[in-house]
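Since every read-out is calculated from the coordinates, none of them should be taken as a lab result. Not measured: the values here are computed from a predicted model. So basically every Cβ, Gly included, is an ideal-geometry build from the backbone, and we count neighbours across all protein chains shown.
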Amino acid sequence: MSVLTLFLIIFVLFVLIRIVPGNPFPVERMSAEMILQKRAELGLDKPILIQFVDYMSMLLQGSFGNGTSLYNGAPIKPIMMICLENSFKIGVLSILFGTAAGLFLGIIAALNRGKFLDGLCTVVSILGVCIPSYVFMIFLQYFFSYKISFFPYFFDASRFLFSSIMPALSLSLFAIATVARFTRNEMIEVMNSDYVKLAEAKGLYGFELMRKHVLRNALIPVVTVIAPLVVGLLTGAMVTEKIYGINGVGKLMVDAIAGEGVDYNYVLALSIVFSALYIGIMLLLDILYGIIDPRIRLTAKEAA
Amino acid sequence: MFKKFFMLICAALLIAGCGGGEESANNKLSVMLASNVVSLDSGQCTDVASFEVIADCIDGLTQLDADGKAIPAIAESFDVSQDGKTYTFHLRDAKWSNGDDVTADDFVFAWRRHCQKAEEYAYIMDSTVACVKNADAVIKGGDPTTLGVSAPDPKTFVVELDAPVSFFPALMSFPTFYPINEKFYNSLDSGTYGTTPDTFLSNGAFVLSDYLPGTANIQLKKNDSYWNADKISLDAWQYQVVSSSDNALIAFKNGTLNLVTISGSQVEHVQADAELSKNLKSIPSGALSYLTFNQDPKNHHAGALANVNLRLAISNAIDRESLTENYVMNGSTPTYTAIPIHFAPNAKTGKFFAEDQNQFADYVGFDVDKARGFFEKAKSELGKDSFELEVIYSNDGGGSTKVIQAIKSQVEENLPGVILKLQPMPKAEYLDKVTTNSFDLALTDWVPDYDDPMTFLTLWTTEGCEICEHWSNADYDKIIADCTSGSLAADYDARWNAMYDAEKILLENAVIAPLFTNANAILIAPNISGVDFHVAGVNRVFKSATIK
Amino acid sequence: MEKNYTPTADDFEFISDRDLSVDLNFASQGYWKGVAIHFFRSKLAVAGVIIVSLIILFAILAPIFSSYSYQEIVSVNSAAGKEIVAKSLPPQFGDGSAQNLFSDKTFLFGTDDMGRDLWTRTWQGARVSLIIAFVAILIDMIIGTSYGLISGYFGGHVDNILQRFIEIAGSIPTLVIISILAIFMEKGIGLVIVSLLLTEWIGMSKIARAECLKLKEREYVLASRTLGAGSFHIIFKQILPNTIGPIITQVMFSIPVAIFTEAFLSFVGVGIVLPQCSLGSLIEAGFNNITVLPYQILPPISVLALLMLGFNLIGDGFREALAPKIENM
């Protein structure tokens, strides 16, 4: 099923990218004749279905082809892998930090509902949503790299983890805010539900109650907000990558689509990877639902 | 949950503790690049950043000295035939960084390959610029061995031209004409040339020590086998891609970078700071910003711009001094000619081609009354009172958004009835619109490739470059053809004067409205000297740079 | 004449929506009245309403009553006939204390680097951003919620197909969608709204689906079904009201996302067309000069933060007022 979806996605993307205005190579100094010649050379004069078949057969051989305007027309795969790796590492760092901090804040806020800590959590989550991560990045850079020269001013690949801290922190801001907010709201709802009251009435309290009854039920909607965040963060943050000079996929995508030529093959390759990731995470999400909430697992079995 | 979170914080602090203590970058040259290096293949690259890095690593036949004069590089000397159509270059003993000799065959291989690949810059070989024999045919798919280049022996490289080209020696410093080691190239997997330090060979001053496609940080070090290695004082240095000018300023203050380019608002800030402003310099860049009017009668506003008076009205309603002083602010100069200032000096008199800015004052200037006069004429000729025109521009950073808004405000104020609608777009889409004539006005920055007015004048011919194909003038075409490969090519003075005639045709028809010649405002640390800046081709050269 | 009566099909009828007996205890007070009472009892929610109303008021009135238009470049001609533009001036109050040629003019928030009054532009930007966010998010909410509920409720094949469609729609990069849309539409507010529509409904539908998965197992849904209620009755009358809490929370979060997506679009050149402005494009412009002219980014970002604070407080208030179980039980 997922394979069929992926196939459909590739087809739709393939067709859409052929409609994007602009040529897949720089044309500023070319004559009309040269442009046509170049297009023919790249096989762009063939009917789109034949182009698609060619592309799919190349893809099935495990190749994403060569670039058309970026990086010497070199094979895409190795270059994309480097960028993916960089974005992934930073994305994972920021997801881990964002989710942990978000859950922490959300739970603290829910347990102290209406008190000072709750208000603090609200302020943090609102700031997190309001301040774009790149503005926060600039602040971090300004204070920690310029005012006190602690972190390197630009990303330094030779000290990967150390120089990842600032971008990961700024990217996690949005995750912290979203997760904290959802956790708080869900926790409050669950804590007021009948079964928690019943459990309390039966004498269950404290950590045990939280773990067995509250957290489990509160986490379902939280998982739904984390999943898209994961895709977003793993696939890179364009502006932050640009400011801090990280060689990541967000930047690669923008270079491919906003350069002098729209590099069809890069845009396609990146989109396909993003889609596969997205589908993978959605699958994972469905499985997670089942683990967290046995009721869903049961219905799924009945249906099958 | 507490525990996990706590451990994470501890881990972060630990890592932070280990990595502290930033080394000062003050004694290492760190140069800002405003955009990515797109390709290190001299046959493929089209952007200034790539040209610059390639020129750091590879030497061509000639190079430019600090004043922009051609001096020997790989070619120790050269002879020109009587008719100026055959150049014989005598190569010196130079080595590639893998130990191979640099031979004439490397040049033959590279030139043939570039013509055959027919990428954007292949045009520089053809009859509009270098006039290499048979280049046009090879670019269109002909046999590459018919190209007019040959290597009678490993140290002699002969080029045959279709017409004499007065600036040919200087042109040889342009990266498209650089050699590629054929044996090394063929030993690589297809398409991998120039994607890592291992797949790239230098014969020039520096070698790549760290580079990946798309990387924001490029490390270079001195090439010990360079033929002129004694003269190179830089040892290891780096490029850093910085996209925001504000970021660049802070990085300079911080000492992370010691040569950066900044834009208007940052320039104002620096000028207010007595200490910092000592490092500020304005370097002319030779790039011309201008507005193109689409005269295609079929365009979607029924070709109002096909009316010359409307074009002249708009051109004369723009206060170029206000543009540069209030909005660009980096030292750019208002320009009233189709050729930018500080560019293309006459080989005999040494005067710049566009030295006299008043010679076309009848057509280009800022005079609201005159502009309104033209506008009244246009209105009666077209039988319309109001014109809504679409202005397209590419928004790849830079000051173009400020400039275009200022133009809109000036034109709408000075010519009541004209409405300009701004349409920003990515570069590829912009080029698509420009080449297919679907726009009314377009804001263009044109960067010269070589130090001759022709790098601009060939833009507006009927044949060739697609970016201005809506206007066609037989007289203009004839002058350009005569000057590039025709009867005037051999006569320096006659060619020079004919180019003024061509420029006059262009401006009296108001094909374009020139705005200003760009400049780069740079901050350079006081301990750096010897960086050469050029208006055309490779903009910055670091071969003679020193750092104390 | 009493005979054994044989029931026929006509004696029975299916219970349809209109015959359902609904518990009217709560309704007797008026549902929305109850909500309103709960809502206005919360001080924070009222504060939120005040903040948002004030900003909306300013967004409507400030550009009208300002002495400058949002696109007017303020300038004077010097004695030498050169145009001098009031660019990059810090806030001044027209009392003559400012050391420049414009000391008699008032710029409450200063001017931008084009010499335009930031006070006017900030409120004009707030106006544009609010219009975009409201229109886009409202439509998104309708589409996304219905989609998610239907998908979650029916499950099985319907869910499968609908979720596959979301995967396809969700995996096409925003940049690609917008580049293509830009061929068919004129750049500007309309394009931004349409592209937000196409990209933002997915998140909403996921929340709705997840809620629906949880709620459809509840006893009251089972009860409704036993009473013969149709699927759509259950979805929109029984489940929907109970999902409004999370959905409103999502809406409150979607509004800043919408505003930032718009800013991102401006960044890549398909957003608001200058000299028109939005909070996003003003932040973008201020960001370019953030360390040299920090006062330029402060007004738009503060208005944005206040706006978001307000929306969040209102969202919280609504959520709790709509779900009285939290308060009352």
query: HN-Hα J couplings of the stretch B:176-190 from phi, Karplus 6.51/-1.76/1.60, θ = phi - 60°, integer Hz, Gly and Pro as x?
result: 4, 8, 6, x, 10, 6, 4, 4, 5, 4, 6, 7, 8, 5, 4
Among C:Thr120, C:Leu298, C:Cys212 the positive-end extreme of the charge dipole of chain C (Cβ point charges): C:Leu298
- line: Taking placed amide H atoms and a strict 5 Å upper bound, the residues 5 or more places from B:Leu33 or on another chain that come that close are B:Gln240, B:Val241, B:Val242
- line: Per-residue ellipticity at 222 nm attributable to helices in the protein assembly as shown (runs of n ≥ 4 DSSP H, -39500 (n - 2.57) apiece, nearest 500 deg cm²/dmol) works out to -16000 deg cm²/dmol
statement: Here the residues of the stretch C:270-304 lying in the modelled label zone of C:Glu186, meaning backbone nitrogen under 13 Å from a point 7 Å along Cα-to-Cβ, are C:273
message: I need the peptides C:182-194, A:54-66 ranked by packing, meaning the mean over residues of other C-beta atoms within 10 angstrom, with the highest value on top.
response: C:182-194, A:54-66
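Could you give the C-alpha radius of gyration of chain C expressed as a fraction of 2.2 N^0.38 Å, taking N as the number of residues it contains?
Working: Rg = 26.7 Å, N = 329, 2.2 N^0.38 = 19.9 Å.
Rg over 2.2 N^0.38 Å, computed on Cα atoms: 1.34.
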task: Please report how far the C-alpha centroid of the stretch C:226-241 lies from that of the stretch C:175-215, rounded to the nearest whole angstrom.
output: 27 Å
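Between B:Thr156 and B:Lys222, what length comes free when the chain is fully extended (0.36 nm per residue of separation minus the Cα-Cα distance, one decimal in nm)? Don't skip to the answer; put the middle values down first.
Details: separation 66, 0.36 × 66 = 23.76 nm, distance 2.73 nm.
Fully extending the segment from B:Thr156 to B:Lys222 adds 21.0 nm.
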task: At 0.36 nm per residue, minus the direct Cα-Cα distance, what do B:Leu382 and B:Glu463 gain on full extension? Give it in nm, one decimal, please.
output: 26.2 nm
- line: Expected vector for the stretch B:515-523, Karplus 3J(HN,Hα) from phi with 6.51, -1.76, 1.60 and θ = phi - 60°, integer Hz, x for Gly and Pro, equals 10, 7, 8, 6, 9, 10, 8, 10, 10
Size of the stretch B:379-453 as Cα extents on the principal axes (Å, biggest first): 43, 28, 25
field: Once the Cα gyration tensor of the stretch A:9-54 is diagonalised, semi-axes √(5λ) in Å
entry: 22, 13, 6
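Rounded to the nearest 5, what is the percent of antiparallel bridges among the DSSP beta bridges in chain B? If you can, show how the numbers build up before the last one.
On the way: 54 of 69 bridges.
In chain B, DSSP labels about 80 percent of beta bridges as antiparallel.
I'd like the antiparallel share, as a percent to the nearest 5, of DSSP beta bridges with both residues in the stretch B:287-519.
Details: 14 of 24 bridges.
Here the antiparallel bridges make up roughly 60 percent for the stretch B:287-519.
Can you list which of the trypsin sites (Lys or Arg not before Pro) found in the stretch A:132-237 are DSSP loop residues with at most 10 other C-beta atoms within 10 Å?
Numbers: sites: A:Lys147, A:Arg159, A:Arg181, A:Arg184, A:Lys197, A:Lys202, A:Arg211, A:Lys212, A:Arg216; in loops: A:Lys202.
Sparse-neighbourhood loop trypsin sites (Lys or Arg not before Pro): A:Lys202.
Fewest Cβ neighbours within 10 Å first, please rank A:Phe136, B:Phe184 accordingly. If you can, show how the numbers build up before the last one.
Numbers: A:Phe136 20, B:Phe184 17.
Ordered by Cβ neighbours within 10 Å, fewest first: B:Phe184, A:Phe136.
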task: Based on other C-beta atoms within 10 Å, arrange A:Val223, A:Val53, C:Val257 from fewest to most.
output: A:Val53, A:Val223, C:Val257
message: How long are the semi-axes of the equivalent ellipsoid of the stretch B:287-519, defined as square roots of 5 times the Cα gyration tensor eigenvalues? Whole Å, largest first.
response: 27, 20, 18
message: With θ taken as phi - 60° and the coefficients 6.51, -1.76 and 1.60, list the Karplus ³J(HN,Hα) couplings across the stretch C:183-199 in order, rounded to whole Hz; mark glycine and proline as x.
response: 6, 8, 10, 6, 5, x, 4, x, 4, 4, 4, 4, 5, 5, 4, 6, 10
message: Checking a compactness column here: for the protein assembly as shown, what do you get for Rg(Cα) / (2.2 N^0.38 Å), N being the number of residues?
response: 1.02
statement: Other residues with Cβ under 10 Å from the Cβ of C:Asn289 give, with Lys and Arg +1 and Asp and Glu -1, a net charge of -4
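Can you tell me the dipole magnitude for the stretch C:73-188 around its Cα centre, using point charges on the Cβ only (Lys, Arg +1; Asp, Glu -1), in Debye to the nearest 20?
On the way: 8 positive and 10 negative charges, 31 e Å.
Using only the charged Cβ atoms, the result is roughly 140 debye.
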- prompt: Can you give the net charge of the other residues whose Cβ lies under 10 Å from the Cβ of B:Tyr226, counting K and R as +1 and D and E as -1?
  reply: +1
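Please report the net charge: other residues with Cβ closer than 13 Å to the Cβ of B:Asp41, K and R +1, D and E -1.
Values: positive: B:Arg113, B:Lys117; negative: B:Asp47, B:Glu119, B:Glu120.
Around B:Asp41, the surrounding residues sum to -1.
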Rough spin-label spacing in nm, given labels placed 7 Å along Cα→Cβ, for A:Ile35 and C:Glu217: 5.9 nm
